[in-house]
Structures are given as C-alpha cells and as structure tokens.
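First the structure, in the form of structure tokens, and then the observations on it.
The values are calculated or read from the model by the stated rules, or taken from the named source; none is laboratory data. What you see is a predicted model; the values in this text were computed from it and never measured. All Cβ positions, glycine included, derive from the backbone under ideal geometry; neighbour counts span all protein chains shown. All accessible areas refer to the heavy atoms of the entire protein, side chains included, with ligands and DNA or RNA removed. Shrake-Rupley method; radii C 1.70, N 1.55, O 1.52, S 1.80 Å.
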Amino acid sequence: MDRTARCLLCDGEAQRITYPYGTRWNGRCFDYRRCAECGASVLDPLPDEADFARMYRPSDYHDSFYEELTEPTPTALASVAGKLKPSGRVLDFGCGNGAFMVTAGAAGFRCEGVELDPDMRARAAASSGCPVRPLEAVEAEGGGYDAIHLGDVLEHLPDPAGMMRRLQPLLGESGLFFVEGPLEDNASPVYYASRLFGAAKAALRRPLRGTYPPYHLLRTSAAAQRRFFERRLGWRVEHFGVFETGWPYLNPGDNLLRPGSVGKLARMAIGGSARALAAAAQPLGLPIGNRFAALVRPPA
C-alpha cells in the first residue's frame, strides 16, 4: 500500500506519486504525491530540521537565487496596485534580497521586510533602503500594516496556513495579504511539455531522479491555490490573476544549451507559445499560466 502524506494546502490525503521528477538529496529520496481532495502535489517526506538548515545556507540558496535584483513577475504588483491603499505600509515577508521592496517603493508604497538570515537582512536593507528585521521583532512592535506581501514563500513552508494565521494580527484595519508564487501543476504548454518529457524518459527507462535540494514542498494549480485561501483559511479572495513567464524554458540564466541548437530552439518555442496562449486566455478569464497573484482578505 502507498504511503500517505498530508496535503499542506487542504490537509487531505496524498498517496499516488504523481510528478515524474523526484530527487535524491542529503541521503534521502523525495517524491511528490497527489492530494485526492484538492489535486495539489506534496513533497514526501518533508525535509527535517537538519535538511532545512542545509538547504537554506546563504552560500547555497541566497547566493544562487537572489544574485540579481529582479522580480519574477514585474506585472504582478501592477495588476493589484490599484486595489491597495495608496502609499500604504507594506510588510514583505521573506523579502530575499529586497527586489519587491525596490519595485513597491518606486510605486509609492512604504515598505519593510522580514527575513530569517542576518546576512540577507543586511543585504536586503542595503539594496532597498528599507528596514528589514526578524519576524519576532515585527511582532513585538505590533504591526498595523495595510498589506503583507508573500512572494514565492508559501511553497517553501511546512505549514503555510499556520504561518498566514500567525501573520494575520500584523494587519491593520482593512489590511489584506498580497500573495504571489508559482503554479507548477497548472494548465500551460510548459507544464504539459514537462509531463510529456517525463513520460518519455520513464518509457525509455532513463533516470528521472535528480540530485537537487527539494526546496518546493508543494506544487499547486490555480484551483488548488484559490481553494486553500477560501476553504482552508476561510478568507475572501478579492483578486486572483494568473500569469505565464515561460520558465524554465525562457529562463535568461539558462546557458546549458548552445544558442541556435535544436534543444534551445525547442525550449524557446515551448516558452514562447506558453506566454502567447496565456495572454490570449486572460481576457476570457481562463487561468492558464505558471504564476498567480492574489489579494486575500481575512475576516475583520
């Protein structure tokens, strides 16, 4: 009988191994299991405390993923800015190198950041010009924020619902959450291409298990992500937009394939078609794409 893992989004049961790319890292094998209730995929087993400490060492994580001061989806803030309080006070939880605070500050918002690592706090403060502190220091002060931003954060948390509930008291009157992140199990040409390549490799009995750290504890779709906000938390979704970046096939930092090669051209074609399809689907309200941006309001 298959193992059963608890879904991090809906707390349902996840049994069937679904995604073809598991990983063997730090002496253990990690796979994704599909939740029978919401359809999200959850990592099994979850990393332990020692795994997390190793995964998020600044030299291994921040220096690799936060080298450039850029936002994954620059249009995400623009899509919700008109619904946020003008010049409002915004807390960026898990602010990384401060890229979002730079973008939000330029749009007129007053930003502060929260980051776990002391060195990263100093780097984010220097790059953004905004105060960056540990969460405990912010909680001791009392909050009063007009918005709390979580960008590419939920998929890294072993208890996303618990963390959002912990952050809720930091909101001021009429405050809300601005959440954005990946939709790795959502309808898009990139998703279907990855499934096809995985199935082909499995048929050829080529190894599917990587050696990368299991940073993402869950993979989700637009429907499962929205269900998390509305049914698990019981909060109101005031905006839910879906975008397509073409990642990883349109990843600017991807230098693994020679420019002009068949593999490179194929990746560019898949990424480009994904962007075009998502752009055409947006006016129709079809949630096609690999990222989301949501405004979520807890009860008063």
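Remarks
- Spacing of the modelled spin labels on ASP119 and THR75, each 7 Å from Cα toward Cβ, amounts to 3.6 nm.
- Each residue, MET268 and ILE17, gets one label point 7 Å from its Cα in the Cβ direction; the gap between the two is 3.7 nm.
- Farthest towards the positive end of the charge dipole of region 101-242, among the residues LEU217, ALA147, ALA137, is the Cα of LEU217, using unit charges on the Cβ of Lys, Arg, Asp and Glu.
- Using the Cβ-Cβ distance between SER87 and ARG236 with R0 set to 30 Å, the FRET efficiency works out to roughly 0.80.
- Net charge contributed by nearby residues that have their C-beta within less than 10 Å of ARG291 (K/R +1, D/E -1): -4
- The stretch between ALA280 and TYR212 holds 21.0 nm of extra length on full extension. This uses 0.36 nm per residue minus the Cα-Cα distance.
- In this structure ILE17 has an accessible area near 80 Å², from a 1.4 Å probe over the protein heavy atoms.
- Residues listed by number, region 94-132, amide nitrogen under 19 Å from ARG57 label point at 7 Å toward C-beta: 116-121
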